[in-house]
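For reference, the structure discussed in these notes is given below.
The values are calculated or read from the model by the stated rules, or taken from the named source; none is laboratory data. Being a predicted model, the structure only gives us computed values, none of them experimental. In this analysis, Cβ positions are derived from the backbone assuming ideal geometry, glycine residues included, and neighbour counts consider all displayed protein chains.
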Amino acid sequence: MGGVSTKGLPPGYGENTLVLLVQKTNVLFAYWEISQAVRQFLKEKHADIRLCRLTKDRYIEYLSVSPAFPTGNFYFEGVISGDTYRCELGWWDNGEFHPLLCSQPVIVPSGTITVKLSACGKRKPAGKETALAAAGDTVGVSSGVARRA
């Protein structure tokens with residue numbers, strides 16, 4: 001079979017990272033990895049993943065969830081097109097949230113996101129490509145780079 005073998009890949013790399021990506025115009029996808037030391041630190045705390053929305057000049061909590069940390073990912077549904085978001089991983093103590101990791105901000109595009117289709121290994125017929133986002137929309141990516149479609 002021509003499948004990709006994952007034999008020998010580690011379950012993690014011992015790094016602390018949190019990434020937020022646009023999946024649809026109303027869905028954001030967050031994934032993270034935390035080291036064993038951070039996992040141990042958070043074990044006795046009320047840990048959460050918070051999605052924060054930029055309003056005026058500051059981020060405010062939009063949604064907070066307590067996913068199982070071994071999962072390492074979560075879909076945030078119902079986000080607003082055109083708004084800017086970032087994700088924070090941290091813990092609650094006496095009603096105050098303490099962020100430990102923070103993603104780069106992303107801008108949710110307005111309109112419809114479509115996928116460029118082509119047959120594997122074949123040239124694309126002229127005029128059959130579709131844009132990733134509507135012309136002029138800014139698409140935010142977790143690396144902090146913004147690209148024009």
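Points to keep in mind about this one:
- Region 32-91, subset of a type in the set (S, T, N, Q) and within 20 Å of V19 (Cβ to Cβ), residue modelled with the lowest pLDDT: T71
- If the condition is being surrounded by 16 or more Cβ atoms within 10 Å (Cβ to Cβ) and among the charged types (D, E, K, R), then region 88-106 contributes only E88.
- Filter pass, V65 being under 16 Å from L100 (Cα atoms), loosely packed, with under 14 Cβ neighbours inside 10 Å, of a type in the set (A, V, I, L, M) and touching a strand residue (DSSP E or B) at 6+ places or on another chain (Cβ under 8 Å): yes
Residue-wise test of (1) in contact with an Asp or Glu (Cβ under 9 Å, 6 or more places away or on another chain); (2) farther than 14 Å from G90 by Cβ; (3) aromatic (F, W, Y).
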{"site": "V22", "(1), (2), (3)": "no, yes, no"}
{"site": "A30", "(1), (2), (3)": "no, no, no"}
{"site": "I34", "(1), (2), (3)": "yes, no, no"}
{"site": "D57", "(1), (2), (3)": "no, yes, no"}
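- Residues (within 15 Å of Y31 (Cβ to Cβ) and not aliphatic (A, V, I, L, M)) located in region 81-109: Y85, R86, C87, E88, C102, S103, Q104
- The single condition from (1) surrounded by 14 or more Cβ atoms within 10 Å (Cβ to Cβ); (2) at pLDDT below 95; (3) not in a loop (DSSP other than H, G, I, E, B) that G111 fails is (3).
- Options K56, K24; residue that is out of contact with any strand residue (DSSP E or B) (no Cβ under 6 Å at 6 or more places or on another chain), surrounded by 15 or more Cβ atoms within 10 Å (Cβ to Cβ) and among the basic types (K, R): K24
- Strands (runs of 3 or more DSSP E) contained in region 25-87 and holding at least 2 residues among the charged types (D, E, K, R): 46-55, 58-65
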